[in-house]
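Input: a single structure, listed below in structure tokens.
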Amino acid sequence: MKILIKRIGFLISVIVFLSMTMMGCDRNNNENPESIYNDFITENVIIVVIDGPRFSESWGDSTYANIPRTKNDLSPIGVINASFYNNGVTYTNNGHSALTTGNYQEIDNTGLETPYFPSLFQYWRHAKSASKNKSWVITSKDKLHVLSNCIYPGWNGKHSPAINCGIGEDGSGGYRHDSITYNRTMDILSSHHPNLTLINFREPDYSGHKNDWAGYIQGIKDTDEYIYKIWSFIENDPIYSGKTTLIVTNDHGRHLDGVENGFISHGCDCLGCKKINFLAIGPDFKENVVFDNPREITDISATVAHLLNFQMPTSNGSIMHELFK
Ligand SMILES: [Zn+2]
Ligand SMILES: [Zn+2]
């Protein structure tokens, strides 16, 4: 019944949106498309989504014991927002699709349903007439292949990014180890130099669900190391260096201790599930700054669209102007 009510709510929001579009209202009414002038240096954006670390074991831990790379190597050259939230459904496909489309959606979490609205990949490819291998979705979880498509009228099956998802690489075969995803990422970045890429690591969510606290903590440490290695690659690559932005976030947190099963699971609207991490590094971003103004996961694609100078007319997100130099 609860799901039915949420689905009806989503349908109503779609109908309201479509009628607003027909009446000529622009959702992004704070941005006049004609007036956009962009002198950003960024030509490439790489978004890394770490699956399911809780804030209290990552940036919210004042010892930063599990994220030494983020604390010591990355945050001094980037900008953090310590009040960042997934305000929608706190499951994997919901969090990822909120990021990529700028809309919260009650989407199936097993990979059976594509997002309703077009993604930033589709809008970017369309705006830039870019070939498919210039935009990639690379994920440990096979079910996240749905991020490459949408069912929005006129956009279904169009301008989709290339994918490398799960064991089968085509969105089938189950979850693969993050070390494989890291290696595939390095292969794809070095051979294609895509301009717009999203990477998902399955840890620490994978070990959390197994009730494996040590594995969960190790998953946070391992992904911290992967993002450092990705940034080091960017800095040392002649095509990417100086022109590339790295954004690191997560799709959801986990229950607070004392809520249901604590770190083992997630999916409710407790603060532990909603509060996520946000870090951005690149030539257009402030350095060594920590913001505390509330922002949310739907703001990421709006900010990337602003940075790369394309429109996302169906996005509900806001541009995070405060992050820029
Ligand atoms: Zn999970
Ligand atoms: Zn919760």
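The values are calculated or read from the model by the stated rules, or taken from the named source; none is laboratory data. Since the structure is predicted, the reported quantities are computational estimates derived from the model, not experimental observations. Neighbour counts run over all protein chains shown; Cβ positions are idealised from the backbone, glycine included.
If you go through the range 293-302 and keep only what is in a loop (DSSP other than H, G, I, E, B), more than 11 Å from E322 (Cα to Cα) and more than 11 Å from the chain's Cα centre (by Cα), you end up with just P294.
Only one entry of D257, D269 meets the criterion of being more than 8 Å from ligand 2 (Cβ to nearest atom) and surrounded by fewer than 23 Cβ atoms within 10 Å (Cβ to Cβ), and that entry is D257.
Just one of the listed residues (I247, I300, I230, I239) is more than 13 Å from F55 (Cα to Cα) and either among the basic types (K, R) or in contact with a His (Cβ under 7 Å, 6 or more places away or on another chain) (or both), and it is I239. Scanning the range 304-318 for residues that are under 14 Å from F40 (Cα atoms) and buried (at least 18 other Cβ atoms within 10 Å of the Cβ) yields V304, A305, H306, L307, L308, F310. Among the candidates P238, P313, the residue that is away from ligand 2 (no atom under 16 Å from the Cβ), farther than 28 Å from H177 by Cβ and free of Cβ contacts under 8 Å to residues at least 12 places away in the same chain is uniquely P238.
Can you find a residue that is out of contact with any helix residue (DSSP H, G or I) (no Cβ under 6 Å at 6 or more places or on another chain), within 16 Å of ligand 1 (Cβ to nearest atom) and among the acidic types (D, E) anywhere in the range 231-238? Taking every residue of the range 231-238 in turn, none turns out to be out of contact with any helix residue (DSSP H, G or I) (no Cβ under 6 Å at 6 or more places or on another chain), within 16 Å of ligand 1 (Cβ to nearest atom) and among the acidic types (D, E).
Residues in the range 84-141 that are surrounded by fewer than 24 Cβ atoms within 10 Å (Cβ to Cβ), of a type in the set (S, T, N, Q) and in contact with a His (Cβ under 7 Å, 6 or more places away or on another chain): N133 alone. Cβ-Cβ distances below 6 Å connect the following pairs, each with a first residue in the range 176-190 that is touching a residue at least 40 places away in the same chain (Cβ under 8 Å), a second residue that is part of a helix (DSSP H, G or I), and a separation of six or more residues or different chains: Y182/Y226.
Is there a residue being within 16 Å of ligand 1 (Cβ to nearest atom) and at positive phi anywhere in the range 172-183? Within the range 172-183, one or more residues are within 16 Å of ligand 1 (Cβ to nearest atom) and at positive phi. Taking residues in the range 70-90 that are at pLDDT 95 or above and away from ligand 2 (no atom under 16 Å from the Cβ), and partners anywhere that are among the charged types (D, E, K, R) and in a helix (DSSP H, G or I), the pairs with Cβ atoms closer than 8 Å and at least 6 places apart or on different chains are T70/D224. Taken over the range 187-218, the criterion of being away from ligand 2 (no atom under 16 Å from the Cβ), of a type outside the set (D, E, K, R), more than 18 Å from the chain's Cα centre (by Cα) and surrounded by 14 or more Cβ atoms within 10 Å (Cβ to Cβ) is satisfied by I188, H192, H193, S207, W213, G215, I217, Q218. Among residues of the range 244-262 that are within 18 Å of G60 (Cα to Cα), those with a beta-carbon under 8 Å from a residue that is among the basic types (K, R) and within 11 Å of ligand 1 (Cβ to nearest atom) at least six positions away or on a different chain give the pairs G262/R254.
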